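Undergrad: Below is a structure I'd like to ask you about.
Just so it is clear, none of the values below were taken in a lab; they were calculated from the coordinates. Note that the structure is predicted; figures quoted are calculated from it, not measured.
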Amino acid sequence: MAVIFKMTNYVCESYNKSWFVFHNCRLKAINRNKVILNTNGTILHPAYDIQVHGKVYKRESGFKPWLLERKIDACRFMRGNYDHFAKIVYSLFQPFTNINHTCPYVGLQIVQGFYLKPELLLLPFPTGQYMLALRWYFDKKLQFDTNVTFLFVEDFGKSK
């Protein structure tokens, strides 16, 4: 079985530039089947209370909510991975980031050279186009969004 697991779009937006500023937010094609994500931004004040609201959407005549929706206490999660869905998402990008410690978060936050590895995805996905939308709240106030769209295709007719 061959698998295509490729990011197709990445959008990030800060709603409070006095607290969080994006410096870089882009995808870069390395080759036909590999796209890397680079993003960095600065948290301008120490963040002790971080909530992440995550939703997975599937494209069906526009993006529609699909099965997975979670609200995660990021500070608690970094002290002990208590949520299975968040653990899967974090394990995908953890080797590519400096977001690997407990709260408080302040200063430059980086995800560099991140690419999707199908063998790390522990959830069964039907073939299709998806979007992982993450809304980031500091002290219960929306600070920024990061939305990544990806294509997942299982081809049972081909071998790896």
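Undergrad: How large is ³J(HN,Hα) for each residue in region 57-67, as worked out from phi by the Karplus curve 6.51 cos²θ - 1.76 cosθ + 1.60 (θ = phi - 60°), to whole Hz, x for Gly and Pro?
TA: 10, 10, 7, 8, 6, x, 7, 10, x, 9, 6
Undergrad: Tell me, Kirkwood radius of region 1-76 from alpha-carbon pair distances, in Å?
TA: 15.4 Å
Undergrad: Please list 3J(HN,Hα) in residue order for region 29-37, calculated via the Karplus relation 6.51 cos²θ - 1.76 cosθ + 1.60 where θ = phi - 60°; whole Hz, with x for glycine and proline.
TA: So the Karplus estimates, Gly and Pro as x, are 6, 8, 8, 4, 10, 10, 10, 10, 10 Hz.
Undergrad: Through the Karplus equation 6.51 cos²θ - 1.76 cosθ + 1.60, θ set to phi - 60°, convert the phi angles of region 76-86 into ³J(HN,Hα) values in whole Hz; use x for Gly and Pro.
TA: Those phi angles translate into 5, 4, 6, 7, x, 4, 8, 10, 5, 4, 5 Hz.
Undergrad: In straight Cα distance, which lysines are under 17 Å from Lys117, not counting same-chain residues fewer than 8 positions off?
TA: Answer for Lys117, where 17 Å is the Cα cut-off: Lys6, Lys28, Lys34, Lys87, Lys160, listed by chain and number.
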